[in-house]
Amino acid sequence: MPKRIRDNRLQPEIYLREWREHVFPGRPLEEVAQMFRMSGAQLSRIERGLSQPTTGFLAKVARRYDTTVAALLTCKPGENMFLKLFQSASHADRVKLAQMAVKVLQK
């Protein structure tokens, strides 16, 4: 569920903590934070949505976690990002995506 931030806008949920715990099970937050040249407190704030990550930081995390920035932001480890996005699409968009998939598979 998205969280409310200071000006009452909804902040989308991101899955950095779940990815960290999946890639480095049992490792302390501080140890993982050092890999990104930051403090454990800084990484914790980003994971909890209290601090906005930069695009560069997300790219570093994605490389280290062997995933994509899109996956970090849209799904938990093990979830199928494309299926999740497909399921959240409107009916009209699902039809378009299915038509595109058929064309790709026919080539």
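A few points about this structure:
- Any hit, region 78-90, residues being touching a residue at least 40 places away in the same chain (Cβ under 8 Å), out of contact with any Ser or Thr (no Cβ under 8 Å at 6 or more places or on another chain) and under 15 Å from residue 17 (Cα atoms): yes
- Number of residues in region 12-48 that are acidic (Asp, Glu) and within 23 Å of residue 78 (Cα to Cα): the value is 4.
- Applying the set (1) surrounded by fewer than 15 Cβ atoms within 10 Å (Cβ to Cβ); (2) at pLDDT below 90; (3) part of a helix (DSSP H, G or I) to residue 79 leaves exactly one unmet item: (3).
- Pairs where the first residue, in region 29-50, is among the polar types (S, T, N, Q) and the second is in a helix (DSSP H, G or I), C-beta under 7 Å, 6+ apart: 39/33; 42/33; 44/29
- Within region 48-74, considering residues that are in a helix (DSSP H, G or I) and among the basic types (Lys, Arg), the one surrounded by the fewest Cβ atoms within 10 Å (Cβ to Cβ): 63
- Of all residues assigned to region 22-31, at least one qualifies as being at pLDDT 90 or above and within 23 Å of residue 82 (Cβ to Cβ).
- Scanning region 1-21 for residues that are closer than 15 Å to residue 43 by Cα and either aromatic (Phe, Trp, Tyr) or modelled with pLDDT under 60 (or both) turns up 15, 19.
The values are calculated or read from the model by the stated rules, or taken from the named source; none is laboratory data. What you see is a predicted model, and the numbers here were worked out from it, not measured in a lab. Quick reminder, even Gly has a Cβ in these numbers, built from the backbone with ideal geometry, and neighbours come from all protein chains shown.
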